[in-house]
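The values are calculated or read from the model by the stated rules, or taken from the named source; none is laboratory data. In this text the structure is predicted, and so the values were computed from the model without any measurement. Using ideal geometry, Cβ is built from the backbone for each residue, glycine included, and neighbour counts are taken over all protein chains shown.
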């Protein structure tokens, strides 16, 4: 499910946004490395900029560097979210472009890895779900003038997709094909959580 906020109400307000337990952990550890001059939107933008480089590393089979680059890039999703909530810097830009950055990162790797090493219909299902997410977000924005924040189901879906991509890259790096099988199940589980998220808020 997504939380709907009108565009006028989407400005940062701590009372409107729940701070999760992991946000406090991030604030005490990782976020200490980022001065207050670094905003969540900057972190989101860095994920968008880094995605083509991750894509090229995996495309040309630099799997060791690629998996490190992918994990670091994917981790920026946790950084910008926790930073926005704990520093009360939630903005309309971040609410719209943070999920887009996630979909660009995952979608680009799906194009390389899933269509190359998995059943083609798994790749179609993953991309189809992501397209539905983007389409429903656009409808919410332009028809209902609302901005949607991803809920717990969407966050779980993203985490599972990151795990599945990492398993796939490890399988290639270690020449251990059994991890591909595990990755397929994890991708399938991610699709399940994505469907729950879509139907929870209505599509």
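Considering 46, 82, the condition of being modelled with pLDDT under 95 and over 23 Å from residue 176 (Cβ atoms) is satisfied by 82 alone. Only a single item in (1) surrounded by fewer than 18 Cβ atoms within 10 Å (Cβ to Cβ); (2) within 13 Å of the chain's Cα centre (by Cα); (3) modelled with pLDDT under 90 is not met by residue 98, and it is number (1).
Going through the range 101-139 one residue at a time, which ones are part of a helix (DSSP H, G or I), exposed (fewer than 15 other Cβ atoms within 10 Å of the Cβ) and modelled with pLDDT of 90 or more? Correct list: 116, 120, 121, 124. Please go through the range 112-139 and pick out each residue that is over 20 Å from residue 94 (Cβ atoms) and in contact (Cβ under 8 Å) with a residue 24 or more places away in the chain. Result: 112, 113, 114, 117, 118, 119, 122, 125, 126, 129, 132. Residue check: residue 148 meets all listed conditions (1) modelled with pLDDT under 90; (2) closer than 21 Å to residue 101 by Cα; (3) surrounded by fewer than 19 Cβ atoms within 10 Å (Cβ to Cβ) but one, namely (3). Once the range 54-64 is narrowed to residues that are surrounded by 12 or more Cβ atoms within 10 Å (Cβ to Cβ) and without any contact (Cβ under 8 Å) to a residue 40 or more places away in the chain, the residue that is farthest from residue 93 (Cα to Cα) is 62. For the structure I just gave you, tell me whether residue 48 is surrounded by 15 or more Cβ atoms within 10 Å (Cβ to Cβ), over 19 Å from residue 159 (Cα atoms), touching a residue at least 40 places away in the same chain (Cβ under 8 Å) and touching a helix residue (DSSP H, G or I) at 6+ places or on another chain (Cβ under 7 Å). Answer is no for this residue.
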